[in-house]
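Derivation of every value follows stated rules applied to the coordinates shown; laboratory data play no part. Remember, it's a predicted structure, so these values are computed and weren't measured experimentally. Neighbour counts run over all protein chains shown; Cβ positions are idealised from the backbone, glycine included.
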Amino acid sequence: MIAFTVNGRKRSFKGPPFKRLLDVLREDFGLTATKEGCGEGECGACTVLLDGKPVTACLVPVCQAQGRKVETAESLGRPGRLNPLQRSFQENAGVQCGFCTPGLLMSASRLKKTDPEAVRVGLAGHLCRCTGYMHIVESVSKAPSPLRERSTAALRGRRALARRKR
Amino acid sequence: MTVLRPRDAAEAVALYAARPAALPLAGGTDLLVLWTTGALNGRTVLDLSGVKEWRSIRKTVTGLSIGSLATHAELRGDPAVRREFPLLAAAAAAVGAEQIQNRGTLGGNIANASPAGDAFPALAVYEAAVVAVSRKGQRSIPFCEFFAGVKKTNLAPGELIASVVLPYLETRPRRQLFRKVGTRAAMSISKTAAAGLLWVGPDRRVRELRFALGSMAPTVRRLRAAEGLVKGKRLGRELAAEACELLRRDVSPIEDARSTAEYRLHVSQNLLADFLLGTQGSH
């Protein structure tokens, strides 16, 4: 049995140890935010965080997740309660078809610097066939930092501020 | 598929001795691509990712010992690698992109023996040694003698890569270069990749040149002919042109989906010329 944490919740998997983490997340845990693009680590669509670091889930055999922490796009916001990074993608037209978006969000959420050049380097492992990248870079650059901040007091304050601005 | 998961080096070596046909697995960035095609069905995998003693980067008296399971992201960010062996840090930062650098390991990259391994030109000019272990003990293999051909190494059955040792440079080089040439900056397999170190004496004569190219032959190549030519001489346009002509002797570029032999040769010669003349980036 392979035991690990997904989005803060303890999970166990009893199937084949070489099943791809991508397939375990989607098929066994029903977490379908993570998408399969190329299936060979080139496109970044299936990017999740493994112990806090972006990895392509199509190249991770589930046995290597044993005892580790996995985070998927389901750990960010949800419809009606988007996190600031997701909201920035929405507001800056960083999403068209949306297939690459969950992976991009996971990588972007770990960026320490968000000037456009740092974003381009940080997101170089992602392909987007719709936007031409300009709006994606803008979405990340304009998102309030730190990017992964969730329901902290500071975030609530910023939300209140954003509501007042609107 | 059977997956063996040793917890330490001794167990890894013992398991591999008992199952020499098993496929060693480190970060999986190459192996998983093959596995998905079904090419490895029924094979036994030896997952080395739990072997902690092969993860660390340690300073020794004579050099830096890099555990085979150190990832490219760790190499890229390690202060000792950046200070002492900046070309290796630069090469690690040029492999794939963030997600691949977080998973792919130096040992896995070397064991995979691709002609296009981005770290290889840097390891060649730093005159690294690969430390291989088996049940019989350990041995040190000079990096340039490690590869037997495309995807082939000189590891003996039952041998695993424990670490890569880089001897400290005695003096700082006057000039150094790492340059990967691909279709784009990230996620490309290189058309050519170069690493160079140059020492020049107070008399302005070349004390030593080390220059290596990747993706230009079945294995990484040091440009021995060009290195020998410039030794003891003053660098100038004529000498650089002569060195570029000699570059051909140590490589055998091919035509493939990524590039033509002519392009590979021409760009490699430009890189060498710019390096020797200190005009990097002029092309």
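If you take the Cα centroid of segment A:60-126 and the Cα centroid of segment B:99-167, the two points sit 34 Å apart. Modelled spin-label separation between B:Thr62 and A:Arg78, with each label point placed 7 Å from Cα along the Cα-to-Cβ direction: 6.1 nm. Summing Cβ point charges (Lys, Arg +1; Asp, Glu -1) relative to the Cα centre of chain A gives a dipole of roughly 980 debye. Neighbour counting of Cβ atoms within 10 Å sorts the residues B:His72, A:His135, fewest neighbours leading, into A:His135, B:His72.
For A:Asn7, the residues whose modelled amide H falls within less than 5 Å of its own, excluding neighbours fewer than 5 places apart on the same chain, are A:Val70, A:Glu71, A:Thr72.
Enumerate by residue number the trypsin sites (Lys or Arg not before Pro) in segment A:97-140 meeting two conditions: DSSP loop (anything except H, G, I, E, B), and at most 10 other Cβ atoms within 10 Å of the site's Cβ. Don't skip to the answer; put the middle values down first.
On the way: sites: A:Arg110, A:Lys112, A:Lys113, A:Arg120, A:Arg129; in loops: A:Arg110, A:Lys112, A:Lys113, A:Arg129.
Here the trypsin sites (Lys or Arg not before Pro) that fit, given the DSSP loop and packing criteria, are A:Lys112.
Over chain A, Cα pairs under 8 Å with separation of 6+ residues give a relative contact order of 22 percent. Among B:Ala116, B:Ala17, B:Ala90, the largest mean-square fluctuation in a Gaussian network model of chain B (Cα springs under 10 Å) belongs to B:Ala17.
With a cut-off of 14 Å between beta carbons, the residues surrounding B:Ala14 carry a summed charge of +2, where Lys and Arg count +1 and Asp and Glu -1.
Using C-alpha positions alone, give me the convex hull volume of chain B per residue in cubic angstrom.
Values: hull volume 35.7 nm³, N = 283.
Convex hull volume per residue, Cα atoms: 126 Å³.
Relative contact order of segment A:1-88: 33 percent, from C-alpha pairs under 8 Å at least 6 residues apart in sequence.
Using a 10 angstrom Cβ neighbour count of at most 12 plus a DSSP loop assignment to flag exposed GluC sites (Glu not before Pro), which longest range of chain B is free of such sites? Result, exposed sites excluded: B:1-169.
What pairs in B:Lys191/B:Lys231; B:Lys152/B:Lys191; A:Lys14/A:Lys112; A:Lys19/A:Lys53; A:Lys19/A:Lys113 have C-alpha atoms more than 26 Å from each other?
Over 26 Å Cα-Cα: B:Lys191/B:Lys231; A:Lys14/A:Lys112; A:Lys19/A:Lys113.
3J(HN,Hα) along segment B:91-105: 5, 4, 6, 9, 7, x, 8, 2, 4, 6, 5, 6, 10, x, 10 Hz, from the Karplus curve 6.51 cos²θ - 1.76 cosθ + 1.60 with θ = phi - 60°, whole Hz, x for Gly and Pro.
Taking every DSSP beta bridge that has both residues in chain B, what percent is antiparallel when rounded to the nearest 5?
85
Can you tell me how the protein assembly as shown classifies by the Cα gyration tensor, rounded, prolate or oblate, using a/c under 1.5 as the rounded cut? Because a/c hits 1.5 or more and a/b fails to exceed b/c, the protein assembly as shown counts as oblate.
Taking θ as phi - 60° and the Karplus parameters 6.51, -1.76 and 1.60, the scalar couplings of segment B:215-232 work out to 6, 10, 6, x, 9, 4, 10, 7, 8, 4, 5, 5, 4, x, 4, 7, 4, x Hz in sequence order, x denoting glycine and proline.
By count of other Cβ within 10 Å, fewest leading, how are B:Met187, A:Met106 ordered? If you can, show how the numbers build up before the last one.
Numbers: B:Met187 20, A:Met106 28.
Least crowded to most crowded, the residues run B:Met187, A:Met106.
In terms of surrounding Cβ atoms within a 10 Å radius of their Cβ, B:Asp118, B:Asp47, A:Asp23, B:Asp8 rank from fewest to most as B:Asp8, A:Asp23, B:Asp47, B:Asp118. Seen from all directions on average, segment B:1-51 presents a Cα convex hull projection of 3.2 nm².
A Gaussian network model of chain A, with springs between Cα atoms under 10 Å, assigns the largest mean-square fluctuation among A:Ala143, A:Ala124, A:Ala45 to A:Ala124.
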